[in-house]
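Just below is one structure, and these are the notes that go with it.
The values are calculated or read from the model by the stated rules, or taken from the named source; none is laboratory data. Please read these numbers as outputs of a predicted model, since none were measured by experiment. Here the Cβ positions follow ideal geometry from the backbone for every residue, glycine too, while neighbour counts run over all protein chains shown.
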Amino acid sequence: MSKQVHSMFSRIAERYDRANRWMSFGTDQGVRRRAVAMSGIQPGDALLDCAAGTGDLTLLFHDAMNGRGRVVGTDFNADMLSLAEQKSRHRGAAIEWRVEDSQDLDFEDQSFDVVSIAYGIRNVDDPHRALRSMYRVLKPGGRLVVLEFGQPPMLLQPFYFIYNRLIIPLIGGLAGGDRDAYRYLQRTSNSFPYGREFVEMMHANGDFENIKVKPVALGVNYIYVGTRK
């Protein structure tokens, strides 16, 4: 991960959650809950959440598991992860937090029932390498869950373009304190493959079957769940 991107996430860490709530009009947690529900996670499973950031998705997985099983949250940015650790400590949630690069995970092969990444795969240097790394640590029959931005239907794209180009940097500046950072995040979300293209990327980097694709919030978000053979 480039030093510039690492520095950007450190700058916005303290206000990251608030910016997410504002920019999504409060829907971001609901989308994460949909991803958790689609994962098929069960109490007693082993869960790895990559690019965990401030820990919102990791904590939702922990709750769905009723606090039973192994829950690991990783991120390449220690400043983001320290906020996640504070949240889990405040709630008494037993979660292991580790600074890790999702492109080169330091875990044993086939050690997790579910591996997830939310809004992070587009920000790594090599998404293909990250997918291979996450696939490696999945158990046979385990699920990879990816939550990422997509694009709305053609009819709504002009409005979404205006929102992305003008409104998101403005809200990011007000809520997150760094308009340039949210311009960068907006650009990466616009250019990243989604739908069929991303499914093809998953197939190219792992032996997945039964890949489920769920557009959420008018296609602004996409949830992908693939099972390792």
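Remarks
- Filtered residues of segment 66-75 (kept if modelled with pLDDT of 95 or more and over 17 Å from residue 111 (Cα atoms)): 66, 75
- Qualifying residue in segment 7-30 (condition: part of a helix (DSSP H, G or I), at pLDDT 95 or above and among the aliphatic types (A, V, I, L, M)): no
- Verdict on residue 39 being closer than 19 Å to residue 224 by Cβ and among the hydroxyl-bearing types (Ser, Thr, Tyr): yes
- All positions within segment 212-226 that are surrounded by fewer than 18 Cβ atoms within 10 Å (Cβ to Cβ) and closer than 25 Å to residue 137 by Cβ: 212, 213, 214
- Positions within segment 1-20 being over 19 Å from residue 122 (Cβ atoms) and under 15 Å from the mean Cα position of the chain (by Cα), in sequence order: 17
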